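Quick notes on the structure that follows.
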Amino acid sequence: GNWGVAIILLTVLVKVVLLPLTHKSMVAAEAMKKLQPQMEVIRKKFADDKERQNMEMMKLYKEAKVNPLGGCLPLLFQLPIWAALFTTLRTSYDIYAEPFINPIWADLTYKDPTYILPLALGITMIATQKLQPQMMDATQAKVMTYGMPIFFTVIMLNYPAGLSLYIFTNNILSIGQQYALRRYLERTGQAAPKPPPGAVK
């Protein structure tokens, strides 16, 4: 009876279905995090030779049996869902002018007139990025943590509010999921050791 609630329930369903894949990607991310000290040594040793640096990084991944793209799998599986939802919100007449919460979000096929959802989406995206192990240098990490969410937020300002609702809900669930999985990995000894107090992360 409410398309906004339907989108939220769809997000929960997708999260549940992708849970095994998310767990696998987090294990891979933690394995990458354990390699951070060795990766930093390689970056410094071959700072002026990017090609050699990349070769040594790939050699390190191979020896440690770690897939550097493992953490991207849940996102890749969600891209078709985003595309389908975007198309549905743009073309489905039965959703047109259907309210989520009146009078704030009276039409999920139209952009959010308050800009609350896109901004909330950006903030939660930054929080999600901060929870993920950083597998790149400081400059690249800052771009991924702040640059991409800001860019994404600007784009979403004029996209259907329903799509922002889906991504925002997904981010909230991801934050809770990452926290719970991290606690589980710590208990089972699969998590990377935490840096000592005062250490540079």
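Summary of computed values
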read-out: Lone unmet requirement of (1) modelled with pLDDT of 85 or more; (2) open to solvent by 90 Å² or more (accessible area, probe 1.4 Å) for Gly1; value: (1)
read-out: First in the stretch 2-19 and within 17 Å of Ala83 (Cβ to Cβ), second anywhere and open to solvent by 70 Å² or more (accessible area, probe 1.4 Å) and hydrophobic (A, V, I, L, M, F, W, C), Cβ under 8 Å, 6 or more apart; value: Leu18/Phe77
read-out: When residues of the stretch 170-201 are limited to those that are open to solvent by 20 Å² or more (accessible area, probe 1.4 Å), assigned to a helix (DSSP H, G or I) and of a type in the set (Ser, Thr, Tyr), the one modelled with the highest pLDDT; value: Tyr179
read-out: Test result for Glu98, modelled with pLDDT of 80 or more and acidic (Asp, Glu); value: no
read-out: Contacts under 8 angstrom Cβ, first residue in the stretch 164-188 being farther than 22 Å from Asp107 by Cβ, partner open to solvent by less than 10 Å² (accessible area, probe 1.4 Å) and modelled with pLDDT under 85, 6 or more apart; value: Leu185/Glu30
read-out: Residue list for the stretch 151-167, filter: more than 11 Å from the chain's Cα centre (by Cα) and surrounded by 14 or more Cβ atoms within 10 Å (Cβ to Cβ); value: Phe152, Thr153, Met156, Leu157, Tyr159, Pro160, Ala161, Gly162, Leu163, Ser164, Leu165, Tyr166
read-out: Some residue of the stretch 28-44 being over 30 Å from Tyr96 (Cβ atoms), aliphatic (A, V, I, L, M) and at pLDDT 85 or above; value: yes
read-out: Out of Pro80, Pro99, Pro113, Pro37, sole residue that is open to solvent by 50 Å² or more (accessible area, probe 1.4 Å) and assigned to a loop (DSSP other than H, G, I, E, B); value: Pro113
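The values are calculated or read from the model by the stated rules, or taken from the named source; none is laboratory data. All values reported here derive from a predicted model rather than from experimental measurement. No Cβ is skipped: glycine too gets one built from the backbone with ideal geometry, and neighbour counts run over all protein chains shown. Protein only, heavy atoms only, side chains kept; ligands, DNA and RNA dropped before computing areas. Shrake-Rupley method; radii C 1.70, N 1.55, O 1.52, S 1.80 Å.
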